[in-house]
Amino acid sequence: MAIEVRLADARDRQALAEFYAREGLRFNELATRTSLMPIGVSKETMFIVAVSSQTVCAALKLDIGSDAKLGKVGYLSYFEVEDELESTDLGLKMLQKTAEIAEKKGLRTLDAMVSEKRQDVIKLYSDSLFEEQHKEVYLRRNFRERMF
């Protein structure tokens, strides 16, 4: 099975919607939602996809913004790979393509936040030369249960 990893274009919109739906996400919301980037608001958004026979089998969102100290930075989110392809090198190829795009765009860094529970994903990023910067604790205070 030949898989092409590339920057998505408008023709991929429906295939992306179908892919993210299989992953339990809504592409239209992802595409329009501004990432919670440590540097603020995204100025440019794109998706990198892996396509086989016009079907998206992996995708990730790249938001680009600017940091006063660093310059242009990228933030990765919604990185998903079809379950049966997770044990292949497709994830690494996706991150390599993303790094190529980042270099062409003149980015200073690529950032991603990953749950500590996802050691497989952390290893994937580490294998792609990402370095752990720090750990954060997510806290929440609930006031009442939801009715529905």
Positive-end residue, the chain charge dipole about Cα centroid, Cβ charges, pick of 56, 15, 133: 133
Likely footprinting exposure, 138, 78, 20, fewest C-beta neighbours within 10 Å first: 138, 78, 20
Given charges at beta-carbon only (K, R positive; D, E negative), |dipole| of the stretch 4-113 in Debye: 600
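For each of 46, 147, 113, count neighbouring Cβ atoms within 10 Å of the residue's Cβ, then give the residues from fewest to most.
Sorted ascending by nearby Cβ count, the order is 147, 113, 46.
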Label-point gap, in nm, between residue 113 and residue 140 - each point 7 angstrom along Cα→Cβ: 1.3
Of the trypsin sites (Lys or Arg not before Pro) in the stretch 70-143, those whose Cβ has at most 10 other Cβ within 10 Å and which sit in DSSP loop: 117, 135, 140, 141
Cα-only Debye scattering, the stretch 4-113: base-10 log of I(q)/I(0) at q = 0.18 Å⁻¹: -0.86
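Sort 143, 130 so the one with the fewest other Cβ atoms within 10 Å of its own Cβ comes first.
Arranged by neighbour count, lowest to highest, 143, 130 become 143, 130.
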Set of the stretch 52-82 residues, backbone N closer than 19 Å to the point 7 Å along the Cα-Cβ line of residue 104: 52, 58-65, 72-77
Given 69/93; 69/117; 61/135; 69/135; 104/135; 43/123, the pairs whose alpha carbons are separated by over 27 Å: 69/93; 69/117; 104/135; 43/123
Förster radius 41 Å - calculated FRET efficiency between residue 32 and residue 87 (Cβ-Cβ, nearest 0.05): 0.80
Linear extension gain, residue 127 paired with residue 44, 0.36 nm per residue minus alpha-carbon span: 27.2 nm
The stretch 70-90-the stretch 98-134 distance, computed between alpha-carbon centres (Å): 8
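Throughout, read-outs are computed from the coordinates displayed, never taken from laboratory work. Please read all numbers here as calculations on a predicted model, not as lab measurements. Please note: Cβ atoms are built from the backbone with ideal geometry, for glycine as well, and neighbour counts cover all protein chains shown.
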